[in-house]
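K.L.:
Okay, handing you the structure first.
Just so you know, all these numbers are worked out from the coordinates, no wet-lab data involved. Here the structure is a predicted model, which means the values were calculated and not measured. Heads up, the Cβs are rebuilt from the backbone with ideal geometry, glycines too, and the neighbour counts pull from every protein chain shown.
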Amino acid sequence: MRPRDDPSRADTPRRAPAALAAAAVLCVAGACAREAPAEPPPRWNVLLVSLDTCRADRLSCYGHPRATPAVDRLAREGVLFRDCVAQSTITAPSHLSILTGQHVARHGLGRNLPFPRPPYTLATVLGEAGWETAAFTGHGPLQASSIDVLGFGTVESWVGPPRAPLSRDLDEVLPGAVRWLDERGDAPFFLFVHAFDPHCPYWPDERFREPAAAWYEGPLDPRAMCGPDFAPLLADGTFGPDEKRLVSDLYDAEVAAADAALGRFLVELDRRSLLADTLVVFTSDHGEVLGDHGRLGHGRMYEEELRVPLVLRFPGGRPVGVVEAPVQHVDLVPTVLSALGLAVPDGVQGVDLMPLVRGEAGAVPADRLRVSRTADLVGVRGGGGEKAVFELVDGEPTAGRLFDLARDPGELDDLSATPAGRGAYDRLLARWRDWKAATAEADARWRGRPRDAAPDAEMLQALGYAGDGGVDGED
Ligand SMILES: [Zn+2]
């Protein structure tokens, strides 16, 4: 981890967390041996912001040249995880992993179907510990009728005018969240906020759209670039270099619009003196392919889709730095609970990242196995920059590919047919099989629960999810 700044320059938190007190001891003493002073566990608020379809590499704190000052502020005043991958590349499965700490193979939701009722979620655990819980979402696969099984005390899904279901931006979701903050009681809160700004169609508010798109004279109408007619644009010649640039710029504009809304929300939290007692988590459920690989959208296993931002800002805004160790979405539940001093439920598949926050080198092995899955498509990485991608047919891997991401970050060169590539692929596949065998019994126990009602098929089709079925709890 590279410290970004002098921790002594940070604001003083109202209630110094034991975890970060330990970090301060580490900084001063230069050693990990001293114990943090005994303190009661912090009853911080938790704000989880999930910006749907937001690529990590389109945020300036991850190196993008276009500014995203609000997320940058969170990173500057907290910790940025450089190498975070999503457990899935579509909305519902990924969010279920974020909120349960379970892989897709265990929670069994591989597509955008309604959520099965899980044995526990971050909302149920915090609710039972005395936190007030609420979810404000941008509709889509996270519509209220689907996520009301996740245990939030309050669920509100933004619903726009009839026939205009795709404008679920952060600006439109946040007023309800602010209202809820003002009306809630005195207990600490867990607030989950989700919005769709960077999801297609790429058509932000005019203030952000004009600078990005004013140069383009057609023929493409970006407002039509979503839903079932989206993909053929790449095949019929409509989508050339100008269109690729247009889409990229409009996507950035969507991210910028969401960042501006987030910045205003952080100001609102500050005005209410809430930021000083709130652990803020910023992430995305998956990224987006913007014309590379002959594709637009998400739902495959490309790095543009899998690499997501993960930023934590602790109360007081003490700068922590950048963590380079490999992390993934299932780590969020144990990390948040650990930061709050709460017990992590049995069976959580992620690991507690707080040792990394405290600067404990080696707390997460560099070669840890990380598995992502969307429907029957699986991506596996195990350190060393290599990633295997394969499709499951009747639960068995077929059509495998192997990429060396260190040498070929654009995933242009499938090495699975070379001797070295085949060896690396086989090793990853063997590790995945071992992992599957070791988790199979617990997977089956977790999934022994009924599914709920059918999804809103028309709405899912408008989002480009036509024809999605479910994993149905089986690999
Ligand atoms: Zn999504």
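K.L.:
Can you compute 3J(HN,Hα) from phi for each residue in the range 147-153, using the Karplus curve 6.51 cos²θ - 1.76 cosθ + 1.60 with θ = phi - 60°, rounded to whole Hz and x for Gly and Pro?
P.N.:
8, 6, 8, 8, x, 6, x
K.L.:
How much of the DSSP beta bridge set in the range 42-357 is antiparallel, as a percent to the nearest 5?
P.N.:
Around 25 percent of the beta bridges assigned by DSSP in the range 42-357 are antiparallel ones.
K.L.:
Also: Can you tell me the relative contact order of the range 370-445? Whole percent, Cα pairs under 8 Å, sequence separation 6 or more.
P.N.:
It rounds to 22 percent for the range 370-445.
K.L.:
Report the net charge of residues surrounding Thr398, where surrounding means a beta-carbon distance below 12 angstrom and charges are Lys +1, Arg +1, Asp -1, Glu -1.
P.N.:
-3
K.L.:
Among Lys387, Lys436, which comes first, then next, by fewest other beta-carbon atoms within 10 Å?
P.N.:
Lys436, Lys387
K.L.:
Per residue of the range 102-119, what does 6.51 cos²θ - 1.76 cosθ + 1.60 with θ = phi - 60° give for ³J(HN,Hα)? Whole Hz please, x for Gly and Pro, Karplus curve as stated.
P.N.:
Once rounded to whole Hz, the list reads 10, 6, 4, 4, 8, 6, x, 9, x, 9, 7, 9, x, 5, x, 7, x, x.
K.L.:
Quick check: the distance between the Cα centres of the range 75-102 and the range 261-324, to the nearest angstrom?
P.N.:
Taking the Cα centre of each part, the range 75-102 and the range 261-324 sit 9 Å apart.
K.L.:
Determine the sum of side-chain charges near Asp83: Lys and Arg each +1, Asp and Glu each -1, restricted to other residues whose C-beta is under 13 angstrom from that of Asp83.
P.N.:
+1
K.L.:
Which cross-chain or sequence-distant (5 or more) residues have an amide H under 5 Å from the amide H of Leu310, H modelled 1.01 Å from N in plane?
P.N.:
Amide H neighbours of Leu310: Phe81.
K.L.:
Convert each backbone phi in the range 359-373 into a coupling constant with the Karplus relation 6.51 cos²θ - 1.76 cosθ + 1.60 (shift: θ = phi - 60°), then list the ³J(HN,Hα) values in order as whole Hz, x for Gly and Pro.
P.N.:
x, 7, 4, x, 5, 10, x, 5, 9, 4, 6, 10, 10, 10, 8
K.L.:
Something else: Test of understanding: what is the full-extension gain from Asp414 to Asp346, defined as 0.36 nm times their sequence separation minus their Cα-Cα distance?
P.N.:
20.6 nm
K.L.:
Related question: Can you tell me the relative contact order of the range 330-457? Whole percent, Cα pairs under 8 Å, sequence separation 6 or more.
P.N.:
The normalised contact order for the range 330-457 reaches 13 percent.
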